[in-house]
1. To the nearest 500 deg cm²/dmol, what mean residue ellipticity at 222 nm is calculated for the chain from DSSP H runs of n ≥ 4 alone, each contributing -39,500 (n - 2.57), summed and divided by the residues?
2. Using the Cβ atoms and a cut-off under 15 Å, what net charge is assigned to the surroundings of residue 29, where Lys and Arg are +1 and Asp and Glu are -1?
3. Counting only Cα atoms, I'd like the Rg/Rh figure for the chain, Kirkwood definition for Rh.
4. Work out how much length residue 50 to residue 102 would gain on full extension: take 0.36 nm times their residue separation and subtract the Cα-Cα distance, in nm to one decimal.
5. Taking a quarter of the surface of the Cα convex hull of the range 37-93, what do you get in nm²?
6. Please list 93-99, 50-56 highest first by mean number of surrounding beta-carbon atoms within 10 Å per residue.
Amino acid sequence: MGTLSGAGVTPEAPFEEPWQARAFAMTVRLHEAGHFTWPAWSEHLGRALRAEPERPYWESWLAALEALTAEKNLAGADDLDAREQAWRRAHAETPHGQPVRLPDQ
């Protein structure tokens, strides 16, 4: 009986942090809902990667998602800033080792 190539090898995890998986899922879901085309997404991601080549990949992904959602009026800069501040407050108030949750979660 033959063996499968790569059998028993654990693939590298695509996401290092939960927020990266959430950003990916949000991007896919917004695309599936028809808010933007995949070529438009690719253009924004490419632009973000070129703008700051030293920036970590998933931070560029997030920057592209923020830019595209603002461009499409899905979330304005004020909305994003308010959400970021809410996360910072929640993080500061959460005991070490506990999950960070926003009040509306």
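Nothing in this text is a laboratory measurement; each read-out follows from the coordinates by a stated rule. What you are looking at is a predicted structure, and each value in this text was computed from that prediction instead of being measured. Counting neighbours? That spans all protein chains shown, and the Cβs are built from the backbone with ideal geometry, glycine included.
1. After summing the helix terms and dividing by residue count, I get -19000 deg cm²/dmol.
2. +1
3. Radius of gyration relative to Kirkwood radius: 1.08.
4. Using 0.36 nm per residue and subtracting the Cα-Cα distance, I get 15.4 nm.
5. Hull-based average projected area comes out at 4.5 nm².
6. Ranking the peptides 93-99, 50-56 by packing returns 50-56, 93-99.
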